[in-house]
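Right, one structure below, let's go through it.
The values are calculated or read from the model by the stated rules, or taken from the named source; none is laboratory data. It should be emphasised that the depicted structure is a prediction, and the values quoted were computed from it without experimental measurement. Note that each Cβ is placed from the backbone with ideal geometry, even for glycine, and that neighbours are counted across all protein chains shown. To get the accessible areas, we keep the full protein, side chains included, count just its heavy atoms, and leave off ligands, DNA and RNA. Shrake-Rupley method; radii C 1.70, N 1.55, O 1.52, S 1.80 Å.
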Amino acid sequence: MFQVVFALLALVGATIHVALSPRSRSSGKAAAETYLLYLLFFYVGLMGLLTAYAHVFRPAQTSASIGWSPSPYEYEVGMADLTVGVLGVLCLWIRGNFWLATAIANAVWLLGDAVGHIRQMLFYNNHAANNSGIFLATEIVMPLVVLGLALYCRRTGSVT
């Protein structure tokens with residue numbers, strides 16, 4: 001559910017920004033860049049930091065929400081989440097190809113996770129809240145949206 005919250009936070013924030021800023025609504029490129037920045041910061045960055053916290057400091061609860069048993073690998077998963085989260089937050093200050101690299105890292109991470117969650121559903125009948133349903137749908141759709149926007153912004157030269 002937290003993925004939906006961060007996605008909505010980014011989309012609502014970007015929509016308000018575009019509505020109030022003449023520059024952000026001056027072209028499709030400017031609007032796409034605004035949406036991408038909000039998604040990179042909130043959805044990739046802040047969500048990555050939150051999931052890092054959950055895996056590192058609350059591993060038993062986090063594992064249970066995914067339908068797994070706690071594991072020493074929980075810490076390593078948290079460090080991967082932290083890495084991608086830091087990249088997302090840094091997008092506030094670093095632009096250009098950094099945005100595309102962050103979008104690629106996020107897509108590889110979350111789409112790879114989605115494959116693992118689908119395997120858990122098919123082979124182990126794991127339908128825990130953070131393994132299937134809206135969680136899984138968001139984990140597939142949002143990285144593709146972020147990556148699509150990043151590729152569009154790069155192609156149009158709108159990220160400075």
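Observations, loosely collected:
- For Ser24, the conditions (1) crowded, with 17+ Cβ neighbours inside 10 Å; (2) touching an Asp or Glu at 6+ places or on another chain (Cβ under 9 Å); (3) assigned to a helix (DSSP H, G or I) are fulfilled apart from (3).
- The stretch 113-144: number of residues that are among the aliphatic types (A, V, I, L, M) and free of Cβ contacts under 8 Å to residues at least 24 places away in the same chain: 7
- Taken as a whole, the structure places Leu82 among residues that are open to solvent by 60 Å² or more (accessible area, probe 1.4 Å) and within 15 Å of the chain's Cα centre (by Cα).
- Among the residues of the stretch 112-160, those that are open to solvent by less than 40 Å² (accessible area, probe 1.4 Å), of a type outside the set (Val, Ile, Thr) and not in a helix (DSSP H, G or I) comprise Asn126, Ala128, Asn130, Asn131, Ser132, Ser158.
- Only one of the listed residues (Ala30, Ala54) is in contact with a Lys or Arg (Cβ under 8 Å, 6 or more places away or on another chain), of a type in the set (Gly, Ala, Ser) and modelled with pLDDT under 95. That residue is Ala30.
- Of the criteria (1) under 20 Å from the mean Cα position of the chain (by Cα); (2) of a type in the set (A, V, I, L, M, F, W, C); (3) open to solvent by 10 Å² or more (accessible area, probe 1.4 Å), which one Ala60 fails: (1)
- Scanning the stretch 63-79 for residues that are assigned to a helix (DSSP H, G or I) and open to solvent by less than 60 Å² (accessible area, probe 1.4 Å) returns Ser63, Ser65, Ile66, Glu74, Val77, Gly78.
- Of all residues making up the stretch 85-97, the number that are open to solvent by 50 Å² or more (accessible area, probe 1.4 Å), hydrophobic (A, V, I, L, M, F, W, C) and assigned to a helix (DSSP H, G or I): 2
- Of the criteria (1) more than 14 Å from Ala103 (Cα to Cα); (2) in a helix (DSSP H, G or I), which one Tyr38 fails: (1)
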